[in-house]
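Below: one structure, written as structure tokens.
Each reported figure results from applying straightforward, stated rules to the coordinates on display, with no laboratory input. Worth saying up front: this structure is predicted, and the values here are computed from it rather than measured. Cβ placement follows ideal geometry from the backbone for every residue including glycine, while neighbour counts extend to all protein chains displayed.
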Amino acid sequence: MRGGSKLKMPKVSLKSVETAMNKHTIGSLIGIILVVFVGGYLLNMFMGGGLFSRIEGNANMENKLTFYHMNGCGHCDKFNPIWEEFTTNYSGTPPITFEKIESANAPSSVKGYPTVILTRKDGSTSEFNADRTTGELQRFISDKLPAST
């Protein structure tokens, strides 16, 4: 050392080390929690519902029958007039809303077209897998929804 100066070491106590470590740990936990919630939210947004999409007991939800189709699909083109006839002439019992969605806006769970999915008030779903006729659509709704819903 030059000029006789001494190197001074700061005093570090065990208490100051513990405090610094606790602050670091709390900051890390807050960061992890934020990443989990933001990541879950983004996953839900971009994956078409999935993990957080089931909302049970929400009185504002309606029973909904959704027809997912793809432009240029021959099976979809053939089913479209049947869908239109069914939705136009539906008796309204049980109450249900109808929705028609193009494949570009369909959730990733839809793998083929045409696809018809019933979403109940409680958020549960059933896929229509019968002959594509108005009678079979009516039977599907009657079987999957009690008349009181």
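Considering 97, 125, 119, 87, which residue is crowded, with 18+ Cβ neighbours inside 10 Å, of a type outside the set (Asp, Glu) and within 26 Å of the chain's Cα centre (by Cα)? Can you show your working first?
Working: 97 fails: crowded, with 18+ Cβ neighbours inside 10 Å; 125 fails: crowded, with 18+ Cβ neighbours inside 10 Å; 87 fails: crowded, with 18+ Cβ neighbours inside 10 Å.
When all the criteria are applied, what remains is 119.
Go through region 102-131 and give me each residue that's within 20 Å of residue 63 (Cβ to Cβ), touching a residue at least 12 places away in the same chain (Cβ under 8 Å) and not in a strand (DSSP E or B).
106, 107, 109, 110, 114, 120, 121, 122, 123, 124, 128
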